[in-house]
Amino acid sequence: MGLPRAVVFGEALTDLVQGTPGQWQGYPGGAPWNVARALSRLGVSCAFAGSVSMDSLGDEIVAQSQAAGLDRRFIQRVDRTPLVAIVPSSRPPQYFFAGEADLFFDPQLMPEGWIDQAQLCHFSCISLARQPLAGRLVNIAQQAKAAGKRISFDPNWRNLMDSHYREQTFPTMTALADMIKLSDEDLRHIYPGLSEQQAMDELRALNPHAQILFTRGEHGMILHTPDSQLEQPAIAVNVADTVGAGDACMAGWLAAQLLGISDLRARLRFSAACASISCRHAGAHAPALTDVHSLLQLLDRNDSR
């Protein structure tokens, strides 16, 4: 079995969400893991590189990773408390994190030669704000960049991102990245008090060369390249919820390139379709390649009428 073309680093966790008072439901999730699953279902050989607990919560993450076709050699099991995101309220969003299994990921245990085969390494979310994991992942990103691999980064802002993250980790990862995705909400948190254009100028100053995919929910997205801007409207669907839509969008953008879609407008449209398909389903749904093609073909037929 060959090694994967894409390796996604970070956390996998269980979202414990309260619906009606006293009624809780658990969902496997975590932004990096969501991206990895979606990449695999979109036809890209992919691994999620992270550590999960040895209990039933970790078992479910591993089972769903296998079902999505992820390379299980990169998932590490540790006898530690599971990482959970406890969500007492979705509207307005309230959440906090507990557990430590993610922090014990050991880069030395990754399959030998993985970096030679990988074309893309993706990093995001709270794994870059939790030590000692964050330092290990930044080091991996630096090694991968030095080896000529493409680096993608989605800050995916969360409330535990402190001054160290804002002043050191975020600028370091931004400077390393070939591809950066961030939402309008991310931008407001990272650059409080600045206008959207001022914040984008600050981001571009950190990295003059990256492609920056700026997402705005139902208002679509804008791709900022070093010399142009391309807009893509959101694709309207019946929305179940928007959980994981940004992760599906990120996976769609990365997969489109790895699948050989060279035209930037076509890649944007593919990414938007992934996000919309995710929104059709409750929870962080990983869109399949056949579903994306079906939606795009439907849009083409409607456009030709």
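The one condition from (1) in a helix (DSSP H, G or I); (2) touching an Asp or Glu at 6+ places or on another chain (Cβ under 9 Å) that residue 143 does not meet is (2).
For region 1-62, which strands (runs of 3 or more DSSP E) that fit wholly inside it have 2 or more residues that are within 17 Å of residue 86 (Cβ to Cβ) and hydrophobic (A, V, I, L, M, F, W, C)?
Once the strands (runs of 3 or more DSSP E) in region 1-62 are filtered for at least 2 residues that are within 17 Å of residue 86 (Cβ to Cβ) and hydrophobic (A, V, I, L, M, F, W, C), what remains is 13-18.
All conditions in (1) at pLDDT 95 or above; (2) buried (at least 18 other Cβ atoms within 10 Å of the Cβ); (3) closer than 22 Å to residue 228 by Cβ; (4) not hydroxyl-bearing (Ser, Thr, Tyr) hold for residue 176, with the sole exception of (3). Could you please let me know if residue 185 is more than 18 Å from the chain's Cα centre (by Cα), acidic (Asp, Glu) and surrounded by 14 or more Cβ atoms within 10 Å (Cβ to Cβ)? No: the conditions fail for residue 185. Does residue 123 satisfy the criteria of being part of a strand (DSSP E or B), in contact (Cβ under 8 Å) with a residue 40 or more places away in the chain and either small (Gly, Ala, Ser) or farther than 20 Å from residue 215 by Cα (or both)? No. Can residue 108 be described as more than 21 Å from the chain's Cα centre (by Cα), assigned to a helix (DSSP H, G or I) and among the polar types (S, T, N, Q)? Considered against the rule, which asks whether it is more than 21 Å from the chain's Cα centre (by Cα), assigned to a helix (DSSP H, G or I) and among the polar types (S, T, N, Q), residue 108 comes out as yes.
In this structure, does residue 85 turn out to be outside any helix (DSSP H, G or I), crowded, with 19+ Cβ neighbours inside 10 Å and within 15 Å of the chain's Cα centre (by Cα)? It is false that residue 85 is outside any helix (DSSP H, G or I), crowded, with 19+ Cβ neighbours inside 10 Å and within 15 Å of the chain's Cα centre (by Cα).
With respect to the conditions (1) out of contact with any Leu (no Cβ under 9 Å at 6 or more places or on another chain); (2) surrounded by 16 or more Cβ atoms within 10 Å (Cβ to Cβ), residue 80 lacks only one, and its number is (1). Of everything listed in (1) surrounded by 13 or more Cβ atoms within 10 Å (Cβ to Cβ); (2) in contact (Cβ under 8 Å) with a residue 60 or more places away in the chain; (3) closer than 19 Å to residue 17 by Cα, the single unmet condition for residue 58 is (2).
The values are calculated or read from the model by the stated rules, or taken from the named source; none is laboratory data. Since the structure is predicted, the reported quantities are computational estimates derived from the model, not experimental observations. All Cβ positions, even for glycine, are placed from backbone atoms using ideal geometry, and neighbour counts span all protein chains on display.
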